[in-house]
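Okay, structure first, notes after.
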């Protein structure tokens, strides 16, 4: 064996790991990105610490069809069943509207035992409406008997960080207003230590949300206050936030959603809250565009045309891997 | 103008209409055909009198993704929105499991006003579980207030035929047993008069159902008794029936579904009930195969290999038009 060649290979490997560690903290595979109607492509985002296959799934509107596409395109080099059962370690549900939970309910017969996390209002609806014997079967460990106990419900407390077992991730929940009095949730995900890297990076995912001005709420402002120190410290790697409608949508028909103009105002509030910092390097992933007519294109055009919105816009694709 | 050519064209047109009238009575466009898991392809069958674009939709697991595929492949020469809003005149829901109603709920914001028909047990679950303000929004005209009143609930009485407004179709409901004590429904559709033809043909669609022997029920036998005269008279153009699992599925894990062997027994009972008639010319469309592993292929192979099952087997494709 050539000891020099062996040493050189080791050096290269370490350098590659180190470079990789500096480059990304999270791997995200969107299983569905649209804001309704299209049953094959609804909000669901698999998130892992970079270099790990231990994912959590943020919302679960579409699972099977998204995993199928990711397997077919080589994003996952394994079976659909293995991704569903073994890669996804836990679900975090932002709110219980059907376009955020249909995939979870529908795939429950083939899933493995795991935990569903959410604020209590959300878990209550899963127990009372979906995992019941008349509308499906009760795969949960609470609610209508008999209990199949495949899923354990784990209620979250706002602001309290929990470690997600069998992953390298930690999650904190923040309440959102989604067509007051209805609620939704933002999840702040922290990537902890993996074999390949140590870091303290965060990713913020917001479920459906209205703007504070429209909702007569301060939920988004409170969230911006909570994450402002992370933004200033350069620890926030990405924000996933919804823009459901184009600007032409009348205010009274927003139903607890954002437009490009409302997103711009909220991002301006975040920048101001973080001490007037520039967000131009912050990746902002636009979720939940409603596919009616040409709305998806309109929303993208309006966001890209707004020069006061200084963020790094990303329009995710189903099964299109993202690294942050 | 050449009067001979004009007369010849008219003759050809009349002949074509007449031949068409003799050939088919129903057009069916499956919007989804799988028995669970795959959110992009779940039970939903658009049915119209031949020559008409006035459809009813039998179950509504997947709407948008199926219509999109049918438009893209040229089965419908119009927009997705036009098919959803204007081609589908009414929904008939066999039972309220999520894989049979998710498309209806999810597309409700973009749908036009129409009627949802079903047996009372089924409509009650729609009102109490899905069209509520916590799990979605109440687009119905009953249930949790405020009522958006886009959908009118029309309860059916077993065995009583109703005319479906704005179509050339008439429908009769029969109760089924689906994992006793839970129920499901069969719809017997009659094609009435259209501009192109007069006829009295029938199409039978069964929602999920267990076998009488397993369910300790006589619901399927009662259905066979009701349709036996139509079979004998050659008026039954097709039967849509589920086979969810292959024969290897243990009896205690059937959850109110059929296997190839159980279908064979039920078809034998139908043939016997109809006076020992041969069913070898009866098109039997196999619905609701569960896509886990290679089960879909196994079910097809087992059905095709069973020489005691003497029917004309059809395995429908999503967005693949069928004419009966």
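The values are calculated or read from the model by the stated rules, or taken from the named source; none is laboratory data. The model shown is predicted, which means the values in this text are computed figures rather than measured ones. Reconstructed Cβ throughout: ideal geometry from the backbone, glycine too, with neighbour counts over all protein chains shown.
Can you confirm whether residue A:244 is in a loop (DSSP other than H, G, I, E, B) and surrounded by fewer than 21 Cβ atoms within 10 Å (Cβ to Cβ)? Spell out how you get there, then give the answer.
On the way: in a loop (DSSP other than H, G, I, E, B): yes; surrounded by fewer than 21 Cβ atoms within 10 Å (Cβ to Cβ): no.
No: the conditions fail for residue A:244.
Mind counting the residues in the stretch A:101-124 that are farther than 24 Å from residue B:35 by Cα and more than 20 Å from the chain's Cα centre (by Cα)?
Qualifying residue count, the stretch A:101-124: 1.
Out of all the residues in the stretch A:53-100, which are away from chain B (no Cβ under 14 Å) and over 17 Å from the mean Cα position of the chain (by Cα)?
Passing the criteria: A:73, A:74, A:75, A:76, A:77, A:78, A:86.
Which fully enclosed strands (runs of 3 or more DSSP E) of the stretch A:97-206 have 1 or more residues being in contact with a helix residue (DSSP H, G or I) (Cβ under 6 Å, 6 or more places away or on another chain) and farther than 28 Å from residue A:65 by Cβ?
By residue number, A:151-155, A:169-177, A:201-206.
When you check residue B:215 against the structure, is it surrounded by fewer than 21 Cβ atoms within 10 Å (Cβ to Cβ) and touching a strand residue (DSSP E or B) at 6+ places or on another chain (Cβ under 7 Å), yes or no?
Numbers: surrounded by fewer than 21 Cβ atoms within 10 Å (Cβ to Cβ): yes; touching a strand residue (DSSP E or B) at 6+ places or on another chain (Cβ under 7 Å): yes.
Against the criterion (surrounded by fewer than 21 Cβ atoms within 10 Å (Cβ to Cβ) and touching a strand residue (DSSP E or B) at 6+ places or on another chain (Cβ under 7 Å)), residue B:215 qualifies.
All but one of (1) out of contact with any helix residue (DSSP H, G or I) (no Cβ under 9 Å at 6 or more places or on another chain); (2) without any contact (Cβ under 8 Å) to a residue 24 or more places away in the chain; (3) crowded, with 22+ Cβ neighbours inside 10 Å hold for residue B:74, so report the exception by its number.
That leaves (3) as the condition not met.
In the stretch B:223-253, which residues are in contact with a strand residue (DSSP E or B) (Cβ under 7 Å, 6 or more places away or on another chain) and over 27 Å from residue B:53 (Cα atoms)?
B:223, B:226, B:243, B:244
From the list B:96, B:165, which residue is at negative phi and surrounded by fewer than 19 Cβ atoms within 10 Å (Cβ to Cβ)?
Matching residue, one of B:96, B:165: B:165.
From A:293, A:275, A:256, grab the single residue that is within 14 Å of chain B (Cβ to nearest Cβ), surrounded by fewer than 17 Cβ atoms within 10 Å (Cβ to Cβ) and more than 26 Å from residue A:192 (Cβ to Cβ).
When all the criteria are applied, what remains is A:293.
Inside the stretch A:34-52, can you point out the residues that are away from every other protein chain (no Cβ under 14 Å) and either within 23 Å of residue B:98 (Cβ to Cβ) or crowded, with 24+ Cβ neighbours inside 10 Å (or both)?
If the condition is that a residue be away from every other protein chain (no Cβ under 14 Å) and either within 23 Å of residue B:98 (Cβ to Cβ) or crowded, with 24+ Cβ neighbours inside 10 Å (or both), then A:45, A:46, A:47, A:49 are the ones that fit.
Within the stretch A:62-78, how many residues are in a loop (DSSP other than H, G, I, E, B) and under 14 Å from residue B:38 (Cβ atoms)?
2
So is residue A:177 within 18 Å of the chain's Cα centre (by Cα), modelled with pLDDT of 95 or more and within 14 Å of chain B (Cβ to nearest Cβ) or not?
The answer is no for residue A:177.
Only residues that are crowded, with 19+ Cβ neighbours inside 10 Å, touching a residue at least 24 places away in the same chain (Cβ under 8 Å) and either within 8 Å of another protein chain (Cβ to nearest Cβ) or over 18 Å from residue B:128 (Cα atoms) (or both): list them for the stretch A:115-136, please.
Hits for the stretch A:115-136 are A:116, A:117, A:118, A:119, A:125, A:129, A:130, A:136.
Under the condition of being over 30 Å from residue A:60 (Cβ atoms) and either at pLDDT 95 or above or within 16 Å of the chain's Cα centre (by Cα) (or both), which residue from the stretch B:19-33 is nearest to the other protein chains (Cβ to nearest Cβ)?
B:28
When residue B:107 is evaluated against the numbered criteria (1) closer than 27 Å to residue B:257 by Cβ; (2) within 12 Å of another protein chain (Cβ to nearest Cβ); (3) touching a residue at least 40 places away in the same chain (Cβ under 8 Å); (4) in contact with a strand residue (DSSP E or B) (Cβ under 9 Å, 6 or more places away or on another chain), which criterion, by number, is the only one it fails?
So the condition that residue B:107 fails would be (4).
Specify the residue that is nearest to residue A:61 (Cα to Cα); the eligible residues are those in the stretch A:278-298 that are modelled with pLDDT of 95 or more and touching a helix residue (DSSP H, G or I) at 6+ places or on another chain (Cβ under 6 Å).
Filtering the stretch A:278-298 for residues that are modelled with pLDDT of 95 or more and touching a helix residue (DSSP H, G or I) at 6+ places or on another chain (Cβ under 6 Å), the one nearest to residue A:61 (Cα to Cα) comes out as A:289.
Among the residues of the stretch A:137-154, which ones are away from chain B (no Cβ under 13 Å) and closer than 22 Å to residue A:56 by Cα?
A:140, A:141, A:142, A:149, A:150, A:151, A:152, A:153, A:154
Taking the stated definitions as given, is residue B:153 modelled with pLDDT of 95 or more and crowded, with 20+ Cβ neighbours inside 10 Å?
Against the criterion (modelled with pLDDT of 95 or more and crowded, with 20+ Cβ neighbours inside 10 Å), residue B:153 does not qualify.
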